[in-house]
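Before any comments, here is the structure.
The values are calculated or read from the model by the stated rules, or taken from the named source; none is laboratory data. Just so we're clear, the structure is a prediction, and the values are computed from it rather than from any experiment. Note that we place each Cβ from the backbone using ideal geometry, even for glycine, and neighbour counts take in every protein chain shown.
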Amino acid sequence: MDSSAAPHPRPTSGAPAQPAVRARSLTKLYGKGAGTVHALDGVDVDFAAGQFTAIMGPSGSGKSTLMHLLAGLDSASSGQAFIGDTEVTSLDDNHLTSLRRDRVGFVFQSFNLLPMFTAEQNILLPLTLAGSPVTAEVKEWLSTLAVTLGIQDRLSHRPSELSGGQQQRVAIARALIARPEVVFADEPTGNLDSRSGAEVLSFLRRSVRELGRTIIMVTHDPAAAAYADRVVLIADGAIAGDIANPTPESVLAGLDALRTFETTADTGSTRQVAS
Ligand code: ADP
């Protein structure tokens, strides 16, 4: 059923596409004076359209901060974040609200479905809130998403009648229904058992491979990251590695290199970069 089990067949093309999302010298400080925390320390990174990218790193390394700044959920101290050509870091609150509603999808660790609504009503919620009509085209896209995510026979059920994995698949469909330019997923398998988590990750990957979507996922789990097309490693608020076509083994090796970096950094050696 899951044709995406094949090992990372990525289309290649001559000209590099415009990144869907990028950060330039992106910095976030918390606190003041001696207690200042450099949560992000001048991050430069591009995320390609049509790719599934995982952001990985130790706890406290800045993964969530990076995602929140890229998605316009939090403000930067300096530097820039872009979605397409739009500089997210320069938008006022009204424009940020429109950007998050119209151009970005979110999948959270807690599924955040509305309990009184059916799965279908939950999926359509972004359109309902935006006052967009449910056209024939929307119905067709809903059907494609439901089939791709394996929830076509669950659409009339309420969240309490669905397993955790099914609820998260509904949440993914909700994130994709308005065809956002990018979906940010924050530890999407954090509340799932390993089997349901593997299913959700397969479906996220299918959303990218078969439906051409762009997904950026924060995770601390190497097995989860290995479902992505690319892993960006972050340590101490800085990009510390980049792994193409990751496997659980190459992700673990990259994380080990980060630990080596942390150890050697303590003794004053130069930064070690995983590749
Ligand atoms: P990760 O997602 O990799 O675990 P975070 O981005 O949450 O890391 O945090 C990066 C750093 O910023 C950590 O040192 C964390 O303690 C700090 N931090 C995050 N949010 C806040 C906040 N609201 N106030 C103060 N420090 C924060």
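Using the structure shown, decide if S160 is in a loop (DSSP other than H, G, I, E, B), touching a residue at least 24 places away in the same chain (Cβ under 8 Å) and more than 22 Å from T247 (Cβ to Cβ).
Considered against the rule, which asks whether it is in a loop (DSSP other than H, G, I, E, B), touching a residue at least 24 places away in the same chain (Cβ under 8 Å) and more than 22 Å from T247 (Cβ to Cβ), S160 comes out as no.
Test P11 against the criterion of being at pLDDT below 95 and either away from the ligand (no atom under 16 Å from the Cβ) or crowded, with 20+ Cβ neighbours inside 10 Å (or both), and give yes or no.
In short, yes.
Of the residues D46, D74, only one is assigned to a loop (DSSP other than H, G, I, E, B), of a type in the set (D, E, K, R) and within 20 Å of R24 (Cβ to Cβ); which?
D74
Does any residue of segment 125-147 turn out to be small (G, A, S), free of Cβ contacts under 8 Å to residues at least 40 places away in the same chain, under 29 Å from L70 (Cα atoms) and part of a helix (DSSP H, G or I)?
yes
Determine, yes or no, whether D221 is within 14 Å of the chain's Cα centre (by Cα) and in contact (Cβ under 8 Å) with a residue 24 or more places away in the chain.
yes
So which of Q109, Q168 ends up being touching a helix residue (DSSP H, G or I) at 6+ places or on another chain (Cβ under 6 Å), polar (S, T, N, Q) and under 24 Å from G50 (Cα atoms)?
Being touching a helix residue (DSSP H, G or I) at 6+ places or on another chain (Cβ under 6 Å), polar (S, T, N, Q) and under 24 Å from G50 (Cα atoms) holds for just one of Q109, Q168, which is Q168.
Tell me which residues, restricted to segment 83-107, are closer than 13 Å to A23 by Cα and under 15 Å from the mean Cα position of the chain (by Cα).
Of everything in segment 83-107, just one residue is closer than 13 Å to A23 by Cα and under 15 Å from the mean Cα position of the chain (by Cα), namely I83.
Results for (1) modelled with pLDDT under 95; (2) within 16 Å of the ligand (Cβ to nearest atom), shown as yes or no for each residue.
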| site | (1), (2) |
| --- | --- |
| S25 | no, no |
| T36 | yes, yes |
| F52 | no, no |
| P58 | yes, yes |
| T65 | no, yes |
| D85 | yes, no |
| S90 | no, no |
| R101 | yes, no |
| V107 | yes, yes |
